[in-house]
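Remarks on the structure that follows.
The values are calculated or read from the model by the stated rules, or taken from the named source; none is laboratory data. Since the structure is predicted, the reported quantities are computational estimates derived from the model, not experimental observations. Ideal geometry is used to build each Cβ from the backbone, glycine not excepted, and the neighbour counts take in all protein chains shown. When the accessible area is computed, the model is the full protein with side chains, heavy atoms only, and any ligands, DNA or RNA have been set aside. Shrake-Rupley method; radii C 1.70, N 1.55, O 1.52, S 1.80 Å.
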Amino acid sequence: MPLDTTRTEEDLYPSRVGGQAKWLERRDPVIYSQWDERAPLSREQHDSYVRDGFLVLNDVFGPEEIALAQDELDRLCAATSELDEETIIREPQGRAVRSIFSAHRQSLLFGRIARDHRIADIARYIVNDDVAIHQSRLNYKPGFTGKEFY
């Protein structure tokens, strides 16, 4: 059977072809759920996310929870022998820890934080489905020192 060259399909990713940058209207919703008063976001937060594509959530965790997380950050950095070595990124010219990947799998506390309803409910609301963690990491690199992050 000969190849049908008369049929053209629309490229679902037109930004990957062509030499000129151009504004493309969004095809898919930003948030897949319909907002109502039971949503885990206020109407203002919902609209802000649709407009900007990100949220800044202040005061999600209390001071005690933050202190526990900071202690766990310190513990993980000091106890890298307990971690999967392949998940640890070190400064190129030394042994200082830059990042630890898969934090949610290597720390009970960060696993609980990743599943905490205050975060997970928002993620489920945005995609209107169950969610999974694709990647997590702890970045220890202080600003303006060491090798850059891209």
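Quick notes
- Positions within the stretch 95-141 being under 15 Å from residue 78 (Cα atoms) and in a loop (DSSP other than H, G, I, E, B), in sequence order: 95, 96, 107, 140, 141
- When residue 32 is tested against (1) open to solvent by 60 Å² or more (accessible area, probe 1.4 Å); (2) over 13 Å from residue 128 (Cβ atoms); (3) touching a residue at least 60 places away in the same chain (Cβ under 8 Å), exactly one condition is not met: (2).
- Within the stretch 49-64, considering residues that are more than 17 Å from residue 33 (Cβ to Cβ) and over 15 Å from the mean Cα position of the chain (by Cα), the one least open to solvent (accessible area, probe 1.4 Å): 62
- Scanning the stretch 36-48 for residues that are within 22 Å of the chain's Cα centre (by Cα) and not in a helix (DSSP H, G or I) turns up 39, 40, 41, 42.
- For the stretch 83-92, the tally of residues that are open to solvent by less than 60 Å² (accessible area, probe 1.4 Å) and in a helix (DSSP H, G or I) stands at 1.
- Residue within the stretch 63-82 that is more than 30 Å from residue 12 (Cβ to Cβ) and outside any helix (DSSP H, G or I) present: yes
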